[in-house]
Structures are given as structure tokens and as C-alpha cells.
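One structure is given here, and the rest of the page talks about it.
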Amino acid sequence: MSTAKDTGKHYRTECTGLALETVKQHSEPADITFYGACFCPFVQRAWVALEYLGIPYRYYEVDPYKKPQELLEVSPKGLVPGLKLHTFHPPRGLSESTVIMEYLEDLAANTTKHALLPPITDSYARALIRLQSDHINRTLVPAFYRFLQAQDPDSQISAGQEFHAALEDLAAHFGRAECEGVSAALGLWREDGDLSWTDVMAGPWLFRASNVLAHYRFFTLPEGLKFRAYLDRLFNHPVFKRTCSTEDLYLDSYERYAWNRPNTSQVANAINSGRGLP
Ligand SMILES: N[C@@H](CCC(=O)N[C@@H](CS)C(=O)NCC(=O)O)C(=O)O
């Protein structure tokens with residue numbers, strides 16, 4: 001533990017830094033209302049997708065732990081992110097970060113023509129990206145929370161190794177696409193690449209590994225130059241950057257996970273009881 005004791009910090013309820021600028025630019029009514037919470041990595045996924053795909057939206061900050069009625073109407077479990085689609089009468093809701101990303105990708109194909117996935121004709125590249133995403137959702141994301149919530153030194157060491165292995169496996173997925181010459185499945189892993197689906201799926205946790213895990217678990221990201229250069233491109237990508245708040249917001253918001261305070265969240269409860277994430 002890098003901090004001697006739980007100082008009782010509360011999660012934040014307003015974005016800071018570049019993310020706050022982006023919120024201000026999206027405060028007017030639009031066809032989509034985006035229900036977000038400033039600290040949430042699942043929200044950041046959908047947010048990066050909205051920004052990258054150029055889809056008009058209004059950002060609306062909610063406290064998912066208070067479960068306001070307006071959030072429950074679009075997200076039955078009361079989880080962020082959520083979308084309210086005003087083009088339907090009456091408006092309809094959508095929840096789940098990966099479902100929202102798929103929806104936005106489809107919407108963009110018919111409107112802005114921007115895309116995070118390779119074209120539909122490139123079936124194999126799309127399949128490799130789905131394998132990468134599957135690894136992120138089923139292995140990397142749970143390993144992040146297990147590591148952050150682990151309390152005794154032995155479990156912190158083993159959970160840290162598990163998270164490290166999940167990052168190496170992500171790099172191995174990119175390595176496979178490289179060996180097979182499938183550049184469309186590489187995104188920012190390539191020096192001259194652009195943001196891709198996988199970068200958006202993993203980015204929010206890689207970012208929190210670089211600040212939250214570094215602070216609370218002395219975690220250092222894998223040494224390899226290639227991995228470092230990849231993270232550098234990702235964290236400095238202008239679209240990713242404009243959904244990031246300042247580091248203090250994440251450190252404050254995740255203190256409750258780092259001390260595994262009771263009832264921190266549905267995700268934390270799932271990790272503690274060995275269930276799949278909500
Ligand atoms: N499977 C969901 C997970 C979303 C999620 O867990 N969001 C958290 C914030 S980071 C939340 O809304 N928590 C409220 C709660 O735990 O009650 C997704 O992919 O969107």
C-alpha cells in the first residue's frame with residue numbers, strides 16, 4: 001500500500017481538466033443524452049466513441065450510486081453509461097458500454113461515416129478485434145479490480161501478477177495481428193495507426209492503471225518499449241485526452257476501491273463475491 005490509511009475520500013461528481021471542457025461543449029440538448037459519471041471507465045469508453053465518431057450528444061452527469069429515476073429509465077440496473085435517444089417518440093434508452101459502442105458505430109456508419117472498426121468487408125480483422133475485446137472484458141477488466149481491491153500483501157502480489165499477465169496477453173493479441181499482417185486490427189499499436197475499437201475498449205483501464213494502480217499499488221506498466229510507446233500514443237491521442245479529468249479526480253474516486261470499503265459498487269461487490277461483473 002502506498003497510502004498508510006483510508007482517508008475517507010468520496011468519489012467525485014464533476015469532471016475536471018480537459019474532460020470538463022468537453023462537458024461544457026456538450027451541454028445543449030441533442031438527439032442523444034449521454035448519462036455519464038466523471039470517474040467511470042465504462043463511461044469513458046462510450047464517451048471516446050461519441051467524440052471519435054463525431055456524433056452529436058448532450059453530456060449529463062449523474063451519480064449512479066444514487067440511482068436517479070432518469071438514469072433507471074435508460075439503464076435498468078442503474079449503471080452508467082446510459083443513452084437516451086430522443087429521435088424515438090417516446091424516447092428510448094440504451095445501457096451497457098459495449099452495446100452503446102456497437103450502437104454508436106452503426107449510427108456513425110449511416111451518418112458521420114467515421115468508424116472505429118475495420119470495414120464490414122474485412123471480416124478477419126473484425127474477428128481479431130473481437131478476440132481482443134473479449135480478452136479485455138473477460139480478463140483484463142476483472143483483473144484490474146481484483147488487484148485494486150486486494151488487501152493483504154500475498155493477494156496483492158498474485159493479483160498484480162494476474163493483471164500484468166492480462167496486459168502481456170493484450171500485447172500478444174496485437175503481436176498476432178502484426179505477424180499475420182492484419183494492420184486493420186492494430187489501431188494505435190502501430191506507430192502510424194489511429195484510434196481503434198480495441199484502444200477504446202481497453203484505454204480507460206490502461207489509463208487508470210497508470211495513475212490509480214500506480215498510486216495505490218505501486219504498479220508499473222510493462223517495461224517493453226513497444227508497450228510504453230503504445231500507451232503514450234493512446235494517452236496523448238487528442239480524442240482520448242479530451243475525455244480525461246485530472247489525476248486527483250481518479251485518485252480520490254478510487255480510494256474506496258483501494259481499501260475495499262463495504263458496498264463500494266456493484267462491480268466491487270461482484271469481485272468480492274467471485275461473481276461476473278454487472
Ligand atoms: N457492464 C456495465 C458496467 C457499468 C458500471 O459498472 N458502471 C459503474 C460506474 S464505473 C456504475 O454505474 N456503478 C453503479 C453501482 O455500482 O451501483 C457497462 O459495461 O456499461
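The values are calculated or read from the model by the stated rules, or taken from the named source; none is laboratory data. Because the structure is predicted, anything quoted here is derived from the model rather than measured. Reconstructed Cβ throughout: ideal geometry from the backbone, glycine too, with neighbour counts over all protein chains shown. Note: areas computed on protein heavy atoms with side chains; ligands, DNA, RNA excluded. Shrake-Rupley method; radii C 1.70, N 1.55, O 1.52, S 1.80 Å.
Some points to look at:
- Taken over segment 193-208, the criterion of being open to solvent by less than 10 Å² (accessible area, probe 1.4 Å) and among the acidic types (Asp, Glu) is satisfied by 199 alone.
- The one condition in (1) touching a residue at least 24 places away in the same chain (Cβ under 8 Å); (2) in contact with a helix residue (DSSP H, G or I) (Cβ under 6 Å, 6 or more places away or on another chain); (3) hydrophobic (A, V, I, L, M, F, W, C) that residue 218 fails to fulfil: (2)
- Residues in segment 127-141 that are more than 13 Å from residue 173 (Cα to Cα) and crowded, with 19+ Cβ neighbours inside 10 Å: 141 alone.
- For segment 87-99, a residue qualifies if it is more than 7 Å from the ligand (Cβ to nearest atom) and under 16 Å from the mean Cα position of the chain (by Cα), and exactly one does: 99.
- Among the residues here, residue 84 qualifies as more than 9 Å from the ligand (Cβ to nearest atom) and modelled with pLDDT of 95 or more.
- Matching residues, segment 151-189, being of a type in the set (Asp, Glu) and in contact with a Pro (Cβ under 7 Å, 6 or more places away or on another chain): 168
- Residue in segment 30-50 that is closer than 23 Å to residue 202 by Cα, within 15 Å of the ligand (Cβ to nearest atom), open to solvent by 70 Å² or more (accessible area, probe 1.4 Å) and modelled with pLDDT of 95 or more present: no
- Set 190, 275: member being open to solvent by 10 Å² or more (accessible area, probe 1.4 Å), more than 30 Å from residue 152 (Cβ to Cβ) and modelled with pLDDT of 95 or more: 190
- Candidate set from segment 77-88 (those that are open to solvent by less than 10 Å² (accessible area, probe 1.4 Å) and assigned to a loop (DSSP other than H, G, I, E, B)); member that is nearest to residue 24 (Cα to Cα): 81
- Residue 24, sole failed condition from (1) within 16 Å of the ligand (Cβ to nearest atom); (2) free of Cβ contacts under 8 Å to residues at least 60 places away in the same chain: (1)
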